[in-house]
Every structure is written in structure tokens, then in C-alpha cells.
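Bear in mind that the values in this text are calculations on the coordinates, not laboratory data. Since this is a predicted model, take the numbers as computed values, not measurements. Ideal geometry is used to build each Cβ from the backbone, glycine not excepted, and the neighbour counts take in all protein chains shown.
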């Protein structure tokens, strides 16, 4: 897909964040937590990765689910309509990297770290969206495991007019 086509997909990932996802998660088997309408999974898959993505989509209508399934059709993306905790327990193999953009609070992020990030192979990348937002609860969880599960690489993405808004915290699995 062209950059314009990726950017115009429905979702809350900026063009700058698309570039960050593709830079770090463009190969191997990748987990995408927080499918929403599939934008992040499609952007990751577009560079050659195979993607497993999960989201319970509690409030999605049947037409929204049909739209998502149609959007993912023919791609190397498998969607699981369940929480990341359920996914981590039932389906998550050893993976090459992950993008965590699910529940935006300390408990949700910590659960994703314990259930998904622990399955990233050493040297793989771990990306967390919105790490600087939400009253600093996401960074608290991220920092708790820094130096234990992963090392900080950079904070990237965001928006051109405000690079911290919606940025991605990137770590490399130890």
C-alpha cells in the first residue's frame, strides 16, 4: 500500500507512528494488541510481517466487525476477538515483536507486559503507544520492567505539530 493509503485507513495512528511501526516491526511474527479497525496491524503487515492481533471490541456493531474482517481479508493478519489477557494465555507463541495499544492504564499495560511482552524473543522490539499520556500510568508500568525485560531505544512517532502527543515508546527485548 502507498503511504497515503496507509495513512487514510480508519484509526488513531499518525503517519509518524506508521513509520515507527514499520521501522521496528516489519518482519517476523508480530502481536498487535488493540486492533480497533485494523490500521496498526495492516501497517505492520504491509512491510512483510505476519500479524496476530487481538481486541475484544466490546462495543462494535456487526457492520463494524464485517468491515474489519473485509479490511483484513487476504492479508497475513489473524484477528482474535478477545482480550489480550485471554489471547496471551491461549494463543501467544514466541514472537519477534509486539505493539501494545490496548487498555491504557497501569493494570492493563502490566498485564500485557506479563502476558505478551514476555513472549518476545531476545533482540525483538516492544512498542507501547501513548506512553506519555493518561496521567503517567502507562510509563509507570513500562518503567517497572525496564532493565529486566527490555532496554529503552527511543520515544518516536507522535505528531509533527506535537511529537510527544501519541508517541511510541520503543524498547528492545533483553
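At 1.306 mPa s and 10 °C, plugging the Kirkwood radius over alpha-carbon pairs of the chain into Stokes-Einstein gives what diffusion coefficient in µm²/s?
Values: Rh = 15.8 Å.
This corresponds to a translational diffusion coefficient of 101 µm²/s.
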### Task
Taking the Cβ of each residue in 145, 19 as the centre, tally the other Cβ atoms inside 10 Å and list the residues starting with the fewest.
19, 145
### Query
What nm distance separates the two modelled labels at residue 75 and residue 59, each placed 7 Å from Cα along Cα→Cβ?
2.3
### Message
Output needed for the stretch 1-42: three equivalent-ellipsoid semi-axes, defined as square roots of 5 times the C-alpha gyration tensor eigenvalues, in descending order, whole Å.
### Response
15, 13, 9
#### Entry: the chain - share of DSSP beta bridges that are antiparallel (%, nearest 5)
40
### Query
Where does the chain land at 222 nm, in deg cm²/dmol rounded to the nearest 500, when only DSSP H runs of n ≥ 4 count, each adding -39500 (n - 2.57), divided by all residues?
-9500 deg cm²/dmol
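What fraction of the Cα pairs in the stretch 1-85, stated in percent, has a spacing above 21 angstrom? Please report the intermediate quantities before stating the final value.
On the way: 778 of 3570 pairs.
Tail of P(r) above 21 Å: 22 percent of Cα pairs.
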### Residues 37, 1, sorted so that the one with the fewest Cβ neighbours within 10 Å comes first
1, 37
### Query
For 128, 152, what ranking results if the residue with the fewest other Cβ atoms within 10 Å of its Cβ goes first?
152, 128
